1. All but one of (1) more than 23 Å from residue 182 (Cβ to Cβ); (2) loosely packed, with under 15 Cβ neighbours inside 10 Å; (3) under 19 Å from the mean Cα position of the chain (by Cα) hold for residue 287, so report the exception by its number.
2. If you go through region 149-172 one residue at a time, do you hit one that is of a type in the set (Ser, Thr, Tyr), touching a helix residue (DSSP H, G or I) at 6+ places or on another chain (Cβ under 6 Å) and part of a strand (DSSP E or B)?
3. Among the residues of region 248-263 satisfying the criterion of being modelled with pLDDT under 95 and out of contact with any Lys or Arg (no Cβ under 7 Å at 6 or more places or on another chain), which is nearest to residue 2 (Cα to Cα)?
4. Just to be sure before I move on: is residue 138 closer than 25 Å to residue 302 by Cβ and in contact with a Ser or Thr (Cβ under 7 Å, 6 or more places away or on another chain) in the structure I sent?
5. Give me the pairs: first residue in region 109-124 and without any contact (Cβ under 8 Å) to a residue 40 or more places away in the chain and closer than 14 Å to residue 78 by Cα, second residue outside any loop (DSSP other than H, G, I, E, B) and among the β-branched types (Val, Ile, Thr), beta-carbon distance under 7 Å, and six or more apart or on different chains, which are they?
6. Quick test of your reading of the structure: residue 281 fulfils all but one of (1) out of contact with any Pro (no Cβ under 9 Å at 6 or more places or on another chain); (2) buried (at least 18 other Cβ atoms within 10 Å of the Cβ); (3) under 30 Å from residue 91 (Cβ atoms). Name the failing condition by number.
7. Tell me, please, whether a residue that is within 24 Å of residue 172 (Cβ to Cβ), out of contact with any strand residue (DSSP E or B) (no Cβ under 8 Å at 6 or more places or on another chain) and free of Cβ contacts under 8 Å to residues at least 60 places away in the same chain can be found in region 318-325.
8. Within region 184-203, how many residues turn out to be open to solvent by less than 30 Å² (accessible area, probe 1.4 Å), outside any strand (DSSP E or B) and in contact with a helix residue (DSSP H, G or I) (Cβ under 9 Å, 6 or more places away or on another chain)?
Amino acid sequence: MVNVGIIGAGRIGKVHVESICTQVKDAKVKMLADPFMNDETEKWAKDMGVEAMTKDYKEILADPEIDAVLICSSTDTHSPISVEAIKAGKHVFCEKPIDHDVAKIKEVIDALKDSNVKYQVGFNRRFDHNFEAVQKAVADGKIGDTHIIKITSRDPEPPCADYVKVSGGIFLDMTIHDFDMVRFLAGCNATEVYVEAAVLVDPAIGEAGDVDTAVITLKMENGAIAVIDNSRKAAYGYDQRAEVFGSKGMVAVSNDSTSSAVISNADGVTGEKPLYFFLERYMAAYAKEIKCFIEAIENDTDTPLGVMDGLQSVLMGLAAKKSLEEHRPVKISEITV
């Protein structure tokens with residue numbers, strides 16, 4: 001049994017509490033930390049089976065019985081807490097991104113050197129049943145050499161402008177998942193990024209200094225071309241699709257929905273909307289990524305997504321921001337500390 005401490009009791013922290021307590025049999029949440037811990041959250045955590053609650057995450061790092069830490073706090077705390085946890089000898093699962101600053105990510109990389117700590121980054125979409133099937137088809141050679149990768153990722157509702165101001169922007173907040181997915185499906189890194197983007201959903205997002213609609217093209221190390229299209233608002237729900245086209249064929253996945261029922265009558269042919277948002281679509285993926293993290297600890301194997309994977313997605317996000325600002329293709333190699 002791996003004893004876990006979770007830092008951050010916001011939306012994603014609660015997702016991990018629930019998934020570990022209900023679906024990960026080899027792990028137990030020993031402590032939950034959040035500076036804004038209140039009676040309501042404390043009662044919920046106790047009902048879920050969490051042993052202890054605190055407002056100070058350092059209690060988790062100081063507890064000798066806790067083997068691993070899940071960092072689910074605000075983005076600006078991810079890298080410093082990662083370094084603290086590594087120095088405390090705790091295995092680390094860190095929600096994306098590790099940091100918006102490459103120099104701070106490299107501090108985490110340096111802290112991991114000569115340590116026995118397992119480190120995993122929370123790109124849960126790799127563990128979704130649909131995207132796993134696409135990746136397996138590509139890896140098994142079913143479509144031949146990869147030529148084109150297409151990813152569609154559109155949210156059902158835009159975030160508020162206050163969130164946009166601190167999120168790092170669409171490329172480091174939303175598209176970062178798609179950047180990781182492109183690498184996952186291509187089996188290699190990107191070399192160049194080019195962006196066209198606009199504010200078409202909410203003027204307040206533009207006033208906050210961001211965009212809400214984007215098309216990103218990427219050149220990959222294996223010669224493939226990738227295209228990502230993002231929107232902060234799809235009227236019909238959470239749109240999450242992928243396609244890989246190659247020399248021998250194509251593999252594609254559509255959205256998950258409540259059912260596959262299609263009604264055909266005099267009014268037309270209709271089906272279910274996609275599952276509403278990421279909690280509905282990816283709950284099983286959240287549980288599976290933690291299972292893989294726990295297995296890496298128990299079996300002393302590498303985690304499926306390490307610190308270098310976290311770095312690459314941020315480099316791609318920063319290159320995308322630079323491309324939009326300078327209206328040109330940007331090579332990943334241009335992004336330095």
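The values are calculated or read from the model by the stated rules, or taken from the named source; none is laboratory data. Here the structure is a predicted model, which means the values were calculated and not measured. Reconstructed Cβ throughout: ideal geometry from the backbone, glycine too, with neighbour counts over all protein chains shown. Heavy atoms of the whole protein, side chains included, go into the accessibility calculation; ligands, DNA and RNA do not. Shrake-Rupley method; radii C 1.70, N 1.55, O 1.52, S 1.80 Å.
1. The number of the failed condition is (2).
2. There is at least one residue in region 149-172 that is of a type in the set (Ser, Thr, Tyr), touching a helix residue (DSSP H, G or I) at 6+ places or on another chain (Cβ under 6 Å) and part of a strand (DSSP E or B).
3. Top of the filtered list is 258.
4. When the stated conditions are applied, residue 138 passes them.
5. Between residues of region 109-124 that are without any contact (Cβ under 8 Å) to a residue 40 or more places away in the chain and closer than 14 Å to residue 78 by Cα and residues that are outside any loop (DSSP other than H, G, I, E, B) and among the β-branched types (Val, Ile, Thr), the close pairs are 111/83; 111/86.
6. Exception for residue 281: condition (1).
7. Yes, some residue in region 318-325 is within 24 Å of residue 172 (Cβ to Cβ), out of contact with any strand residue (DSSP E or B) (no Cβ under 8 Å at 6 or more places or on another chain) and free of Cβ contacts under 8 Å to residues at least 60 places away in the same chain.
8. Residues meeting the conditions: 2.
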